[in-house]
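Heads up, the thing below is written out as structure tokens.
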């Protein structure tokens, strides 16, 4: 880290997550230089017109590798299969790698190959990669040379389900059912007919109902929290908004027949796990509004809204309890490009660099 | 029915469903006169600017009751508690009643009172009311003096789940999990802060997570198809679109371990139940596209889209199978104001009047 | 016209306007058979999922030409340059051609070449093509072998400006300024980055500010109504909605200093030109709401809304007067795919076939 | 200014602009304490769920006035008529006032009364109020006790038109025509039927076509730049997005017949006035992309997009030239709640406080 701050590279900087990394890094007080790399043909400010005036320009990925000696961190925001090939070069040069792709998310290369269809190129590094849900694995992240940043559905689901699962209330012999809406930026920036505006407008696009690629990653992580194998049924769709994930989970509750469980039980569990307000996990905020009794209380007020976290690194959580059926409901919302990608990657960088975990990330949603 | 066609009244004609009844009735070849009633202060064409030029004007609900003698049908598109008080007057005058509210949906008045908070005003009529999922109860509907038109979530869920449940594939010892997005017209036309455009735009509004009012109705109807008590966990939200329901159901499958079940198994079940194309249940269409092998096959193509049914009385169905977890997935989409309300009400009217079930309803979605 | 109704072909049936032609023709009481032609690789119901169950399938354009003998009408919904090459074959076979492209919109082939960049292939047919604003040129349309259906901006602008221009109130020494928002279906169905959902969502996309291709067509038609050369400054953008045009025109008014002109003056002019309600030009409806004095009158109520005409063939008009500056304001809204394309094409077909001008087109907007 | 930074009050903090002031001030490095005042009944974090966890709570406006002694600045984000009554109390207490309402925008109290319908309550302060387009009036703002923050249409229009008008190219004997779309947050946070989500979705809501209240303010400011009286025809509408203004202006150009004017002429004029990139007026950025010749150049790329400035204090400008008609086109986009309200108010505060003009405002749009 030079006197002017960290020097960071971004591979895959022409895509939505890459652009978001640049947007956030440009306003990060601890970052001195940003080197965005892309093979795309568009100039930087044409790829990211919101960053007009910022002065960044793409360099080639090859040039970035050659510049490895001068980097503190490199972010990979590239398709699966890229980082696992290139990361060793950076690691060997002493550059710490934060990978937003799935390449380093599974300890077992066999699992990777089964899901992503090709053998892992750097299996020797899988063991040391930290899994980047900062809130759960801060200590691992701090020391890691490689951080596997979680998938956007996974981080949202893990933050939303952890208190229930770790708290022992969930009946894990039953399937956890998750239904999640992701913004259309989650479909990537390559033009495709099904993501054209007229196709999406006024609609909802379910996809991968037979089993989303993030499903096994989610089961892996929820299972780790539970200390046992779990089954997670994941239903995913793109909603007609650009940013954000609204993830709703239904969890069967143990001992649900005894009447002792209420929404308050769940709120206590979540407060215990994540801490209240900004005092615990800074970016995780629980909506604790009572459902009745407040002036002008509205039915919708007790659940978090995707729009509230747009552009921010926050994860808002809400809970409720269907007492008649013994089902705990959790709603977790994040901005898929920030807490679900670029923001948590930078949060990990902060932890790795030994600076304030919230640096450059404290802005509230729109 | 006069020589010019049916004369129909619409109570609650200033709301979204009421306006939709008028829109569809205005183009119905078998309807001669429409009498829309409302207590609202807005003139008809200001309440429904899309119907400019149609010439309809509101009359008072009292005047409509006085005109009962001249009516063939009356639609109730009013809040819960209205039709159960007023319907007897029409029934006694020989006018057939199609009620879009929940007033006549439960055979047992105790259930009604538990959910809607007041004793039923006409319990003697509950026994004879037909439940208006036309596709399932045509014969009952044909003869009924009162038809209880189903809730929008319920009709969508019942059409989507019936083949699975009636076909015996569903493991009904397990909870059926439904996650449904409804358009904002489903929140009614009364101005409220939470349904203001800036609050909804770019967002999703979960609500009633502790148990939606339509939950028991759904369990009632799914249970009737299954011939046993069932548990349905229902999670509801408003999506940032005006019209439509996208309902996704996850159903644990019996014998799911044996590998014999595939998406094709489910498609067969659905074809058997609803019939192919327009030859079976005319308004229910199954998306049978193979997931691979078609030219330019797209991942999204195998699931139905809300936008495709906008403005129409169609229900599009899609199915998939998560083989690893033994979960059948069903996606059912309707226009909440048409098939979910006004359209199915008119479909019922057609059956009751002995005319073509599809009259005035054959238009495709936008 | 066979005993079962008209047989019609549609060239370019895979695009948005082509799909819309099919949607409307499928519910047209006077049409017996539809032959949609396309070179696209998608099967019909995958290209137009809203038409699921309709049974149509694409044939090749070559096959359609070979079938010319059996057709009553052929619609061209293809890019500029197609119809001018192929139409003669149909015309010679006695098939009447309705062209939604610009190929037959200018009497002078030099103008066509200047705007569209290649010489006209059938200049001998330009003289006989009728210009298809049905409301203005019914008699020409009735007898024509070729109808040039107007551009969507042009038909909306002409219907909105005609009363002012023809009524002599407009000061045509001054430029008429038009600002128009078109839905994203107006950008065509070919995947392009700038029309991807994330790029359009929450935004507005101005384009062709240096002079839209439809500008000269608009000046041509407004000029014809005025009996003189006129200057029309046209500013166009895509709004973040799928369907519809909202066109606003600002017209300097003659004698604007004398205080005698009010909004009522303009309303009278429009009533005189288009007729009241459905009694004049059936599809053109003027919003005559007084700005004050109605119960619950709202500021927005006096102007027409794009959403009100979605899916319909109606054109809603509103007018206002900026007395301080002597500027008449006109707002005209249409569905760009219906009144702006497929709907008015069918309206022309009706006139040409000698059937009710409104056949198949009477449905109100959503 | 205490050792921990500025102490600022916000009157009207429950509305959209008030919430935005709080959002930006919470991340302002020079602000130590924020006192939001409101009479509303909702608790702070229920009024602004995006600010969950921030810890702010509303106090009563009366209490804020009593606390005047401890404040450095007070922002008025209240309806017209509030600040003119209350500001003197703060001014006398040495608190500098930044008013986002129209109360101090006109030097002449007669003009205020004509537009806003009541006599001005503090005419003696009108003379000293600085008009808060920081880019144009920095020196006035620096010393002022009261800053009249401009209307959102006005600041966007002035930044967009200033180079043309001040540069002498505009033919000001002709009316300048402006057509502007504003997000629905511009309609305020009070629930009204016409701003309900189903009414706005897929639509455009023109309003105040007879002359918007901001029209005279715009003519006043453009006239000041021109050194003469000007006529501005303003057409306004709400677009179906929450945030942002897209303002398009058409300006007749002097000597337009001589062929010497091109888009480059305009670009030069804008560069001269605002400076290139962030070197001139930091928040004003000109889109200088050539229209052809870039790899993958897109038609839409040369014009700025509302989405690019969402959440930011930037104003993006684009220009084009309709050579055939001699009309210069300008497109200016801002976030109506930031550069159009809260952001420019804070920019003014920065200048008044003698700190970096961009403090707390450097974040790029989403």
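The values are calculated or read from the model by the stated rules, or taken from the named source; none is laboratory data. What you are looking at is a predicted structure, and each value in this text was computed from that prediction instead of being measured. Every residue, glycine as well, gets a Cβ built from its backbone with ideal geometry; the counts of neighbours run over all protein chains shown.
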Enumerated helices (runs of 4 or more DSSP H) restricted to the range C:1-73, each holding at least 1 residues that are in contact with a strand residue (DSSP E or B) (Cβ under 8 Å, 6 or more places away or on another chain), within 11 Å of chain B (Cβ to nearest Cβ) and on the phi < 0 side of the Ramachandran plot: C:16-26
Given (1) closer than 20 Å to residue C:162 by Cβ; (2) out of contact with any strand residue (DSSP E or B) (no Cβ under 8 Å at 6 or more places or on another chain), number of the condition residue C:193 does not satisfy: (1)
Given (1) in contact with a strand residue (DSSP E or B) (Cβ under 6 Å, 6 or more places away or on another chain); (2) outside any loop (DSSP other than H, G, I, E, B); (3) more than 22 Å from residue C:115 (Cβ to Cβ), index of the condition residue C:98 fails: (3)
The range A:253-268, residues that are in contact (Cβ under 8 Å) with a residue 40 or more places away in the chain and either part of a helix (DSSP H, G or I) or at positive phi (or both): A:256, A:257, A:259, A:263, A:265, A:266, A:267
Residues being within 23 Å of the chain's Cα centre (by Cα) and assigned to a helix (DSSP H, G or I) - total across the range C:109-122: 7
Every residue from the range B:238-274 that is surrounded by fewer than 18 Cβ atoms within 10 Å (Cβ to Cβ) and touching a strand residue (DSSP E or B) at 6+ places or on another chain (Cβ under 8 Å): B:254, B:262, B:265, B:271
Output for the range A:174-198, where each listed residue is within 11 Å of chain B (Cβ to nearest Cβ), over 16 Å from the mean Cα position of the chain (by Cα), closer than 27 Å to residue C:194 by Cβ and surrounded by fewer than 23 Cβ atoms within 10 Å (Cβ to Cβ): A:192, A:193, A:194
Any hit, the range A:203-222, residues being under 13 Å from residue A:328 (Cα atoms) and either buried (at least 23 other Cβ atoms within 10 Å of the Cβ) or under 16 Å from the mean Cα position of the chain (by Cα) (or both): no
Hey, residue A:106 surrounded by 17 or more Cβ atoms within 10 Å (Cβ to Cβ), in contact with a strand residue (DSSP E or B) (Cβ under 9 Å, 6 or more places away or on another chain), modelled with pLDDT of 95 or more and assigned to a strand (DSSP E or B) or not: no
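Residue by residue, here is whether (1) more than 17 Å from residue C:249 (Cα to Cα); (2) at pLDDT below 95; (3) surrounded by fewer than 22 Cβ atoms within 10 Å (Cβ to Cβ) holds:
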| residue | (1), (2), (3) |
| --- | --- |
| C:323 | no, yes, yes |
| C:331 | no, no, no |
| C:347 | yes, no, no |
| C:365 | yes, no, no |
Residue under evaluation residue C:169, criteria (1) touching a strand residue (DSSP E or B) at 6+ places or on another chain (Cβ under 7 Å); (2) modelled with pLDDT under 95; (3) under 16 Å from residue C:337 (Cβ atoms); (4) more than 14 Å from every other protein chain (Cβ to nearest Cβ), criterion not met: (3)
Enumeration of residues in the range C:1-60 that are modelled with pLDDT under 95 and over 26 Å from residue B:313 (Cα atoms): C:1, C:2, C:3, C:39, C:40, C:41
Wholly enclosed helices (runs of 4 or more DSSP H) of the range B:144-249 bearing at least 2 residues in contact (Cβ under 8 Å) with a residue 40 or more places away in the chain and more than 25 Å from residue B:285 (Cα to Cα): none
